[in-house]
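First comes the structure, then the notes that go with it.
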Amino acid sequence: MTELMNIGFGNLVNTDKITAIVTPDSAPAKRLVQRAKQEERVIDATQGRKTRSIIVLECGRTVLSALGPDTLAGRFHDLAGLKEDK
């Protein structure tokens, strides 16, 4: 069953499709976002706030979130724990 993770402000991402969650501070991460914007592959879920994490999906899309990578990783692991309990 598909699990959806809240990435802030009511926006949800399919956890099965997440490849990586990274911070936007490094130059390679900034280039990743810039390239994705040029190719129209960015989904901006920040609601106008500062980007604190970048979520890379299997399909090549890049999702920007105002929540930090630690927060998102915790939510991801909480959902993974729920799957194991079932």
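Got a number for carbon plus sulfur as a percent of segment 17-86's accessible area, 1.4 Å probe? It would help to have the intermediate numbers written out before the result.
Values: 2220 of 4600 Å².
That share works out to 48 percent.
For the Cα atoms of the chain, what angle does the longest principal axis make with the long axis of helix 27-38, in degrees from 0 to 90, nearest 10?
Taking Cα atoms only, the helix is inclined about 80 degrees.
Decide, for segment 14-59, between rounded, prolate and oblate: order the square roots of the alpha carbon gyration tensor eigenvalues as a ≥ b ≥ c, take rounded if a/c falls under 1.5, and otherwise choose prolate if a/b is larger than b/c, else oblate.
rounded
Please give the helix 69-85 orientation as an angle from the longest Cα principal axis of the chain, in degrees from 0 to 90, rounded to the nearest 10.
30
Contact order normalised by length for the chain, with contacts defined as Cα pairs under 8 Å and 6 or more residues apart; what percent is it?
Numbers: 132 pairs, mean separation 26.2, N = 86.
Taking the mean separation of contacting Cα pairs over the length of the chain, I get 30 percent.
Hey, what's the chain come to in accessible area per residue, 1.4 Å probe, Å²?
On the way: 5510 Å² over 86 residues.
The answer is 64 Å² per residue.
The values are calculated or read from the model by the stated rules, or taken from the named source; none is laboratory data. Every value quoted in this text rests on a predicted model; they were computed, and no experiment measured them. Note: accessible area is taken over every heavy atom of the protein model, side chains too, but ligands, DNA and RNA are not part of it. Shrake-Rupley method; radii C 1.70, N 1.55, O 1.52, S 1.80 Å.
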